[in-house]
Amino acid sequence: MEDRGCHVSVIISSYNRASQLSNALDALCTQQGGVSYEVVVVDNNSTDSTAAVVESRRLLHPHLRYVFEPRQGLPFARNTGVMAAQASILAFTDDDVVVGPE
């Protein structure tokens, strides 16, 4: 894994929790800590509007990325997120967590 312009990759796995994912993404995409980062959302085979929630924010937040993982299960989703990550420092959070601004 090589660092391609960001210091931290925040990986968030989601399965059919689009309504909660909205708040989590809004908090993640407006961080103020001064560290360059990306947010990688791994859609773990959702049947709700998870993809649309991510897409609706991508234009405003170019550091937000969407990855689809068809095999259900947190280990599959997290491993897919690790493989998609561009930074050498990885952070994991859940789709129902609203992180602080820094």
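The values are calculated or read from the model by the stated rules, or taken from the named source; none is laboratory data. No experiment lies behind these values; they were computed from the predicted model shown. Glycine also receives a Cβ, built like all others from the backbone with ideal geometry; neighbour counts cover every protein chain displayed. What goes into the accessible areas is simple: the full protein's heavy atoms, side chains included, and nothing from ligands, DNA or RNA. Shrake-Rupley method; radii C 1.70, N 1.55, O 1.52, S 1.80 Å.
Tabulated results
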{"item": "Boolean, Val35 is modelled with pLDDT under 95 and more than 17 Å from Ser19 (Cβ to Cβ)", "result": "yes"}
{"item": "Some residue of the stretch 80-87 being part of a helix (DSSP H, G or I), open to solvent by 40 Å² or more (accessible area, probe 1.4 Å), over 18 Å from Pro101 (Cα atoms) and among the small types (Gly, Ala, Ser)", "result": "no"}
{"item": "Criterion: without any contact (Cβ under 8 Å) to a residue 24 or more places away in the chain and acidic (Asp, Glu) - qualifying residue of Glu69, Glu102, Glu55, Glu38", "result": "Glu55"}
{"item": "Of all residues making up the stretch 7-23, the number that are of a type in the set (Gly, Ala, Ser) and surrounded by fewer than 23 Cβ atoms within 10 Å (Cβ to Cβ)", "result": "3"}
{"item": "Checklist (1) part of a loop (DSSP other than H, G, I, E, B); (2) open to solvent by 60 Å² or more (accessible area, probe 1.4 Å); (3) not polar (S, T, N, Q) applied to Gly33, failing item", "result": "(2)"}
{"item": "Matching residues in the stretch 62-79 - criterion: being hydrophobic (A, V, I, L, M, F, W, C) and buried (at least 17 other Cβ atoms within 10 Å of the Cβ)", "result": "Leu64, Val67, Ala77"}
